[in-house]
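Contents: one structure, followed by commentary.
The values are calculated or read from the model by the stated rules, or taken from the named source; none is laboratory data. Quick caveat, the model's predicted, so the values are computed rather than measured. FYI the Cβ positions are ideal-geometry reconstructions off the backbone, even for glycines, and counts take in every protein chain you see.
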Amino acid sequence: MRAEAEALDADEFEVEWLEVLPPILQRRFAGGLRHPGDGALHPARWVRRLAHHAAAAGAEIREHSAVGSLDELDAPHVVIATDGYGQGLVPELDEIIRPTRGQVVVTEPLGELLFTCPHYARRGYDYWQQLPDRRLVYGGKRDSALENEWTAEEGVTEAVQRQIEEAIEELVVARPSIAQRWSGIWGTTADELPLVGRIPGRDGTWVAAGYSGHGNVLGFAAGELVAAAIAGDEPPELALFDPKRLLERSLQG
Ligand SMILES: Cc1cc2nc3c(=O)[nH]c(=O)nc-3n(C[C@H](O)[C@H](O)[C@H](O)COP(=O)(O)OP(=O)(O)OC[C@H]3O[C@@H](n4cnc5c(N)ncnc54)[C@H](O)[C@@H]3O)c2cc1C
């Protein structure tokens, strides 16, 4: 974490090293970083707002209409942007994007506001935030059943949900009622960097996926890179995420 703080600082991101954690965190954690400029977004509202802007700009959005095969599509450019959900569309991508499930709960409102910003711990195996109405949203514990959670099946499991509830109890020293439980799928790659660019051997077919759990921010950036390249202005950053790096490895191994 110290190395992370130094790297962020060197790249001029605001970061504070917390030698002494707030009392509520001290039971479970030894130290932390604070990112003063960070925040959280509501993913469903984010998607709806983006869809609104896209539609206003002339995009046609077709819901509830899965593409069964790329042969169905008649377009000079096709972008595969299905992250962990796209299994079966492009076999070579299935080899290098692993569907990964994340389970979440939200509690009934807690008695007081204990957390004023989103928290992220154990390399993303725990994450939580308290909403303004004091409900606690807590996700993670994938590592308690790692092999079962490499899946594209949405759904919650007793084992992971129990671990999440125990983590909440340890954190807030209470056992709040759970209001809702759910899960979602993202796509993980072997080097945990996204795949963004042309798919070799498939003319006009692009990919922007494999964000390894960080696509709300990276997905937006990846979309801009692909859009610029399709419009004929290839950004140099695209080379960093070229799918070739993992496709070649997968063919060799
Ligand atoms: C529990 C959880 C917590 C997360 N936390 C964070 C976080 O804190 N920060 C962060 O940055 N990211 C986070 N993520 C990851 C983030 O949600 C994803 O990386 C992001 O949603 C990827 O966006 P996307 O638009 O590329 O793909 P998705 O949002 O996965 O959308 C892909 C779409 O493709 C559609 N699709 C699939 N196959 C087909 C087909 N054949 N035909 C037509 N449509 C198809 C799917 O229905 C879906 O709507 C989290 C994910 C989960 C599940």
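Does Asp233 satisfy the criteria of being within 28 Å of Asp71 (Cβ to Cβ) and exposed (fewer than 13 other Cβ atoms within 10 Å of the Cβ)?
Judged against the criteria, Asp233 is not a match.
For Gly124, indicate whether it is modelled with pLDDT under 95, closer than 16 Å to Arg101 by Cβ and small (Gly, Ala, Ser).
For Gly124, the condition - modelled with pLDDT under 95, closer than 16 Å to Arg101 by Cβ and small (Gly, Ala, Ser) - is met.
From the list Ile164, Ile185, which one is more than 20 Å from Gly210 (Cβ to Cβ) and modelled with pLDDT of 95 or more?
Just a single option satisfies the conditions, and that option is Ile164.
Any chance the stretch 181-189 includes a residue that's within 15 Å of the ligand (Cβ to nearest atom) and assigned to a helix (DSSP H, G or I)?
no
I'm checking my understanding of the structure. Among residues of the stretch 152-179 that are in contact (Cβ under 8 Å) with a residue 60 or more places away in the chain and within 13 Å of the ligand (Cβ to nearest atom), which one is surrounded by the most Cβ atoms within 10 Å (Cβ to Cβ)?
Filtering first and then ranking leaves Ile164.
Taking Ala208 and the conditions (1) near the ligand (Cβ under 9 Å from one of its atoms); (2) touching an Asp or Glu at 6+ places or on another chain (Cβ under 8 Å), which numbered condition does it fall short on, given that it satisfies the others?
Ala208 satisfies every listed condition except (2).
Starting from residues that are more than 21 Å from Ile230 (Cα to Cα) and either crowded, with 20+ Cβ neighbours inside 10 Å or not assigned by TED's automatic domain parsing to the domain that holds Leu246 (or both), keep the ones in the stretch 65-93 and report whichever is nearest to the chain's Cα centre (by Cα).
Top of the filtered list is Gly84.
Would you check if there is a residue in the stretch 216-229 being more than 12 Å from the ligand (Cβ to nearest atom) and aromatic (Phe, Trp, Tyr)?
Initial filter on the stretch 216-229 (more than 12 Å from the ligand (Cβ to nearest atom)): 224-225, 227-229.
If we keep only those that are aromatic (Phe, Trp, Tyr) as well, we get none.
No; the residues of the stretch 216-229 include none that is more than 12 Å from the ligand (Cβ to nearest atom) and aromatic (Phe, Trp, Tyr).
Just to be sure before I move on: is Gly102 within 30 Å of Ser177 (Cα to Cα) and either exposed (fewer than 10 other Cβ atoms within 10 Å of the Cβ) or within 10 Å of the ligand (Cβ to nearest atom) (or both) in the structure I sent? Give the steps one after another, and end with the answer.
Details: within 30 Å of Ser177 (Cα to Cα): yes; either exposed (fewer than 10 other Cβ atoms within 10 Å of the Cβ) or within 10 Å of the ligand (Cβ to nearest atom) (or both): yes.
Answer is yes for this residue.
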